[in-house]
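Contents: one structure, followed by commentary.
The values are calculated or read from the model by the stated rules, or taken from the named source; none is laboratory data. As the structure is a computational prediction, the values presented were derived from the model and not from experiment. Virtual Cβ from ideal backbone geometry, glycine too; neighbours counted across all protein chains shown. Protein only, heavy atoms only, side chains kept; ligands, DNA and RNA dropped before computing areas. Shrake-Rupley method; radii C 1.70, N 1.55, O 1.52, S 1.80 Å.
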Amino acid sequence: MSTFRSFACAVLLLAAAASHAESVALRAEKATAGVDPQTSTRYVDVVLHPDSRQALADFTRDRVGKRIQLRSNGVLLSSATLQSPLEGDSFRIVAGQHGFAGKSADEIARGIMSGGGLTVDDESSTPGDIPTRSVKRPARPSGG
């Protein structure tokens, strides 16, 4: 009976951990592709919308020392262990050895700006298995 009890406790702990997996949707003000002239490394520079800056800072504050993933349109762009909260207004995503999952830096930048946006999530999660917290968009002024 104690084996069953131990197994049941382990299952409950795993379920609790999985329920804490989270994702945050971010909006970019600007995403620009580039190439480092010295190394020929491709990159995308991203400037976040102000409300996304706070959302990213809040999300990463409790995850220092843990791994997170950055995606756009379902494409994994980066996976890293946080050394500190991400509290700035911009960052650079550098292509790995095989680029951005077969996409060019220009394609990634255009995807970010055309509504694909960015999501940041816990590394142990996969897209679709965790709830995504969207950043509230300000109301657009009505024009006439």
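Okay, here's what the table says:
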| read-out | value |
| --- | --- |
| Summed side-chain charge close to Lys66 - residues other than Lys66 whose Cβ falls under 14 Å, Lys, Arg +1, Asp, Glu -1 | -2 |
| Region 32-122 - percent relative contact order, Cα under 8 Å, separation 6 or more | 36 percent |
| With every protein chain in place, region 32-122: carbon and sulfur % of accessible area (1.4 Å) | 47 percent |
| Per residue value of the accessible surface for region 65-116 (all protein chains in place, 1.4 Å probe), Å² | 58 Å² |
| Mean projected area in nm² (Cα convex hull; one quarter of hull surface) for region 32-122 | 5.8 nm² |
